[in-house]
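These notes concern the structure reproduced below.
What follows draws every value from the coordinates through simple rules; no lab data is involved. This structure is a prediction, so every number in the text was calculated from the model and none was measured. Here the Cβ is made from the backbone with ideal geometry for all residues, glycine too, and neighbour counts use every protein chain on show.
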C-alpha cells in the first residue's frame with residue numbers, strides 16, 4: 001500500500017485463533033490503517049478438540065469483524081465454487097478500497113487434529129455425515145454433470161497425482177540429513193547462538 005500498488009495480502013487461520021489477542025490486534029490495526037488484507041477464517045467447528053460453541057460466545061465468526069468496521073461474510077467452505085466466487089469478490093473489494101475484508105469459510109475436517117488425537121469430542125456419525133459434502137467429491141461430480149471431465153479423465157489425473165506424490169515421498173526418504181551442527185542455524189542471532 002505504501003508503494004501505491006494494488007496488492008492484497010491474504011491471512012489464513014482457523015477459528016481457534018479468534019480467541020487469541022493477536023487476532024483482535026490484527027483486525028484493529030488493519031482497520032485503523034486501512035490495510036489491504038483479506039482475512040480468511042477456516043472454521044471447521046473445532047479448535048483442536050474443543051467445539052466452537054464451547055469456546056466462543058459469538059459463533060458467527062465473521063460477525064466479529066464488525067467490531068472493527070471490517071465488512072465480512074460467511075460462505076460454505078465445502079463448496080469450491082462458492083469459495084472461489086466469494087474470494088474473487090473480496091479480493092476485488094480489498095484491492096479497490098485498499099481496506100480489509102473478512103471471509104469465514106465454514107468447513108469441516110474429516111481427520112483428527114493430530115496423530116495423537118483420539119477424537120473423543122465428536123461422534124463418528126457426525127464425521128460420516130459431513131463426508132457427504134466432501135468438496136473434492138462434490139466438485140468432481142459438478143464437473144462431470146457439466147460434461148467437463150469424464151471418469152477416464154479423473155483416473156488419469158489421479159494416476160498422475162499418485163505418481164507425483166510417490167516421487168516426492170521417495171525424494172524425502174532418500175534425501176540427505178542436515179548436519180547436526182546446523183540444527184540451530186537461523187534459530188538464534190549469531191551472538192546468542194549456544
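Computed from the C-beta positions of residue 98 and residue 58, the FRET efficiency with R₀ = 35 Å rounds to 0.80.
Here, the chain is characterised by an Rg to Rh ratio of 1.04, where Rg is the alpha-carbon radius of gyration and Rh the Kirkwood radius. Taking square-rooted eigenvalues a ≥ b ≥ c of the alpha carbon gyration tensor, is region 62-149 rounded, prolate or oblate, where a/c under 1.5 means rounded and, failing that, a/b exceeding b/c means prolate? Oblate is the answer for region 62-149, as a/c is 1.5 or above yet b/c matches or exceeds a/b. According to the Kirkwood relation over distinct C-alpha pairs, the hydrodynamic radius of region 49-95 is 12.4 Å.
Taking packing as the residue-averaged number of other Cβ atoms within 10 angstrom, the listed peptides 38-45, 4-11 run from highest to lowest as 38-45, 4-11. A full extension of the chain between residue 119 and residue 185 corresponds to an added length of 20.1 nm, given 0.36 nm per residue minus the alpha carbon distance. The calculated FRET efficiency for the pair residue 128 and residue 173, based on their C-beta separation and a Förster distance of 35 Å, comes to about 0.60. Available extension along the chain between residue 85 and residue 32 is 16.4 nm, counting 0.36 nm per residue and deducting the alpha carbon span. A simple spin-label model places the labels of residue 138 and residue 12 1.8 nm from each other, with each point 7 Å out along Cα-to-Cβ. Under 1.5 on a/c is rounded, so check that first for region 134-175, then, if it is not, pick prolate when a/b is larger than b/c and oblate when it is not; a ≥ b ≥ c are the square roots of the alpha carbon gyration tensor eigenvalues. Cα axes put region 134-175 in the prolate bin. Modelled spin-label separation between residue 76 and residue 110, with each label point placed 7 Å from Cα along the Cα-to-Cβ direction: 1.8 nm.
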